[in-house]
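One structure is given here, and the rest of the page talks about it.
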Amino acid sequence: MTRNRLALTLAAPVLAIVVATIASAIALVLTGYAPGDVLSILADQATSVRDLLRTVNRAGPYYVSGVAVAIGFKMNLFNIGVEGQYRLAGVVAAAAGAALPLPGPTRVIGILAVAVLVGAAWSGLAGLLRAYRGVSEVIATIMLNAIALGLTPFLLTRYFEDDSEGFAVRTRPIPSGGRLPFLDFLIPGGAPAGARFNPFILIAIAVGVVYYVLIWRSRFGYDLRASGSNPHAARASGVDAKRMTVIAMAISGGIAGLVGLSTILSTPYSYTEESFLSGLGFTGIAIALLGRNHPVGIALGAFLWAFIDVSRTALSSATPPLPREIATIMQGIIVFSVVIAYEVVARIAERRDAAEVARRTEDPPPTTEPSTAGAAS
Amino acid sequence: MSGLLVLASTAGAAPDLASSGRGVNSNLFVVIAASAIFYGTPLVLAGLGEMLTERSGILNLGLEGMMLMGAVAATWGSLNVGGPGWFALVAALVAAMVAGALVACVHAVLVIGFRVEQIVSGLAITILAGGAGLSSYLAGSWDLSRGPVPHRLGRFDVLGLGDLPVVGPLLFRQNLLTYASWLLVAALWWYLFRTRRGLHLRAVGESPATADAMGIPVERYRYGHTIAGGALAGLGGAFFPLAIIPLWSDGLTGGRGWIALALVIFGFWRPELILVGAYLFGASASLGLTLQARGVEVSPQLLASLPYLLTIVVLVAVSTGWARRRVGAPAALGTPYERESR
């Protein structure tokens, strides 16, 4: 029984990888490219310290974004609004980080706190709307995204812009106390030319630890998971579902607020439209799906996603050049494969459990179909 | 979602609809209203598509991806199909609908066949087909940005009524797809509320188990309306290359798919209200630009956010008891239907 369980747990990701590889190869062949060329580019990349470093630097923000989405998923809440939350949090935190009168390294804490608070406030709105007004959080967060995307450039140009130098629209640079040092010393043999180890990875790791402890090792996390998997039972055991919705959304948004800080706490130490990373909110959804909301799974998903991202440059500079959109298509196919694989495997597991229960109780199966026994759980 | 930022900038590429009008027709109100209808048209089409899909109980968050695929197909058609201009144009529109329908097919198979979470499948489709994915890939390999599309939906002056004061620019100087969208609103209203099939559709969306017991083929209805919804989204996407931005650029729908999604809620799943909502959104897209062009100091970014704020306000307003009883989402929206599972 347990061996079967393990086999089934591993079956989904293996199935997904096989399907994704075959589907990507077919897509390449159909559009007239050789899958082998892409594969060799990816293989080269896996052995290049420089490319791996770029991958890790990209994976950090993806990981935080994935965790932010996953916290919502744990309670059956879809936080589509990470995009707006981290942008708004990023611009406010950058401005506050330059302006707050904080001594030395406490400035880093101040920036983190502002980012978390802004993100939490923005997503908390969606939580309040959902809990007390019955507005779907999917729609509310999509709307709040759009508003944040208008509000952010408005705040930047109207209130936060640094007029002292140049033409670039940017916030005032963060003073040295609010800057995290590069981690180049951690790379064996030193950092390769033109690449730095962004310290944001430390924040990503901290987020992962907090996520694990909060969700799987605390009373709050237990209540949250209970509300997610069986709201009626949770309510019966005294969990205030509305309060839980607001808190879960706020935590999700608070984590989301941190997503964009890799360019605030590290180079260029200010918010500019060019340097601030965009589109991480949506990627976070994909990554949470890939990682099945598990802290380690999300890390693997973030790394995989970033790895394919990094291949874009190599793809378009290959001879003959390969279209860089292939990377996005591979990512899309991977998401689809994972989603389908887990669904199929869950269906099989369900059926098998039901058969097992029926066999153990030595009762003839009830009149309903066997698959329904699992569905009720 | 970064596409939303493009919203304000792409809007500037549209023709000044009332430029040829004189007197009252170049009045600020008329100009904004006429371009609201113009910009609102793709929203009407995509919104009606999403409404059909949601009426059958299927939520489709892949709308933006479907619109972009429609836009790619339409650009391809207009650039590559030979023959007379009208023929190429029809081919472009048909290609757009087919492209949208094909993507919707994927969604339908995933959520109806495999019972994948509908929100997940929709988002995956937007990631796959969206601004940085399949649509850009196809546009790149077909070299669609080699020049502006040769065959476009021009302004179509009905019976020379276009110069009438006020109503001329609004009602008689639009393009054919806009007129088609008006017919579609009427047709879908009739379909939903005056035909047996429409009644069955609403039953499937409200209570699939009851519908099934009545002998309505639930799955067939869901497949059919999801695919039809995708075709309309594709048509809405076609409006961008054929009427607004003739030169292909990646992600040119600029997040309108998300607005269309909001519109369906905003319009309480009713065709005529979706039309009104679409024009409100269209007006806010053009308002900022028009005001700026006339030297009025406003923040275009904040103005562009206004309809979203309005949507939230409307959602809060209708969440009161009375409204919730009268105008609700299809009760089974987002939940898969499995025979005998309850």
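The values are calculated or read from the model by the stated rules, or taken from the named source; none is laboratory data. Nothing here was measured: the structure is a model prediction, and the numbers come from that model. Backbone-built Cβ (ideal geometry, glycine too); neighbour counts: all protein chains shown.
Go through the residues of the stretch A:271-289 one by one and say whether even a single one is at pLDDT below 90, acidic (Asp, Glu) and under 29 Å from A:Arg170 (Cβ atoms). Looking for residues that are at pLDDT below 90, acidic (Asp, Glu) and under 29 Å from A:Arg170 (Cβ atoms), one finds at least one in the stretch A:271-289, hence yes.
Pull up the stretch A:112-123, narrow it to residues that are among the small types (Gly, Ala, Ser) and crowded, with 21+ Cβ neighbours inside 10 Å, then point me to the one that is farthest from A:Val82 (Cα to Cα).
Result: A:Ala115.
Among residues of the stretch A:16-53 being among the charged types (D, E, K, R) and under 25 Å from the mean Cα position of the chain (by Cα), the one that is surrounded by the most Cβ atoms within 10 Å (Cβ to Cβ) is A:Asp51.
Listed residues B:Ile244, B:Ile259; which is touching a residue at least 60 places away in the same chain (Cβ under 8 Å) and crowded, with 24+ Cβ neighbours inside 10 Å? Working first, answer last.
Values: B:Ile244 fails: crowded, with 24+ Cβ neighbours inside 10 Å.
Exactly one of B:Ile244, B:Ile259 is touching a residue at least 60 places away in the same chain (Cβ under 8 Å) and crowded, with 24+ Cβ neighbours inside 10 Å, namely B:Ile259.
Taken over the stretch A:303-320, the residue count meeting the criterion of being in contact (Cβ under 8 Å) with a residue 40 or more places away in the chain and in contact with a Pro (Cβ under 8 Å, 6 or more places away or on another chain) is 1.
Take the residues in the stretch A:222-244 that are polar (S, T, N, Q) and part of a helix (DSSP H, G or I); name whichever of them is surrounded by the fewest Cβ atoms within 10 Å (Cβ to Cβ). Lay out the reasoning, then the answer.
Residues of the stretch A:222-244 that are polar (S, T, N, Q), as a first pass: A:227, A:229-230, A:237.
Cutting the leftovers down to part of a helix (DSSP H, G or I) gives us A:227, A:229.
Details: A:Ser227: 25, A:Ser229: 13.
The residue in question is A:Ser229.
Among the residues of the stretch B:123-147, those that are within 7 Å of chain A (Cβ to nearest Cβ) and assigned to a loop (DSSP other than H, G, I, E, B) comprise B:Ala132, B:Gly133.
Only residues that are within 8 Å of another protein chain (Cβ to nearest Cβ), touching a Ser or Thr at 6+ places or on another chain (Cβ under 7 Å) and part of a helix (DSSP H, G or I) were counted across the stretch A:122-152, and they come to 6. Every test in (1) surrounded by fewer than 24 Cβ atoms within 10 Å (Cβ to Cβ); (2) modelled with pLDDT under 90 is passed by B:Leu17 save one, and that test is (1). For the stretch A:254-295, filtering for residues that are away from chain B (no Cβ under 11 Å) and among the charged types (D, E, K, R) leaves 2. Screening B:His151 against (1) in a loop (DSSP other than H, G, I, E, B); (2) surrounded by fewer than 18 Cβ atoms within 10 Å (Cβ to Cβ); (3) not small (Gly, Ala, Ser) leaves a single unmet condition, (2).
Taken over the stretch A:277-324, residues that are buried (at least 24 other Cβ atoms within 10 Å of the Cβ) and among the aromatic types (Phe, Trp, Tyr) amount to 1. Only a single criterion out of (1) of a type outside the set (Asp, Glu); (2) exposed (fewer than 14 other Cβ atoms within 10 Å of the Cβ); (3) more than 19 Å from the chain's Cα centre (by Cα); (4) assigned to a helix (DSSP H, G or I) is not satisfied by B:Pro169, namely (2). Against the test of being surrounded by fewer than 18 Cβ atoms within 10 Å (Cβ to Cβ) and under 17 Å from B:Ile58 (Cβ atoms), the options B:Glu206, B:Glu297 yield a single qualifying residue, B:Glu206. Just one residue in the set B:Gly162, B:Gly205 is closer than 27 Å to B:Ser78 by Cβ, among the small types (Gly, Ala, Ser) and touching a Pro at 6+ places or on another chain (Cβ under 8 Å); that residue is B:Gly162.
Yes/no matrix, rows are residues, columns are (1) modelled with pLDDT under 50; (2) under 21 Å from the mean Cα position of the chain (by Cα); (3) surrounded by fewer than 23 Cβ atoms within 10 Å (Cβ to Cβ):
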residue: B:Leu5; (1), (2), (3): yes, yes, yes
residue: B:Ile32; (1), (2), (3): no, yes, yes
residue: B:Ser35; (1), (2), (3): no, yes, no
residue: B:Phe38; (1), (2), (3): no, yes, no
residue: B:Leu43; (1), (2), (3): no, yes, no
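Looking across the stretch B:84-119, the residues that are without any contact (Cβ under 8 Å) to a residue 40 or more places away in the chain, within 14 Å of chain A (Cβ to nearest Cβ) and either part of a loop (DSSP other than H, G, I, E, B) or surrounded by fewer than 18 Cβ atoms within 10 Å (Cβ to Cβ) (or both) come down to B:Val109, B:Gly113, B:Phe114, B:Val116, B:Glu117. Scanning the stretch B:270-290 for residues that are touching a residue at least 12 places away in the same chain (Cβ under 8 Å) and among the aliphatic types (A, V, I, L, M) yields B:Ile274, B:Leu275, B:Ala278, B:Leu280, B:Ala283, B:Ala285, B:Leu287, B:Leu289. Each residue in the stretch A:321-353 was checked for being within 10 Å of another protein chain (Cβ to nearest Cβ), touching a residue at least 12 places away in the same chain (Cβ under 8 Å) and charged (D, E, K, R), and 2 pass. Mind checking which residues of the stretch A:153-186 are at the interface with chain B (Cβ under 8 Å from one of its Cβ atoms) and either at pLDDT 90 or above or surrounded by 18 or more Cβ atoms within 10 Å (Cβ to Cβ) (or both)? Within the stretch A:153-186, A:Pro153, A:Phe154 qualify.
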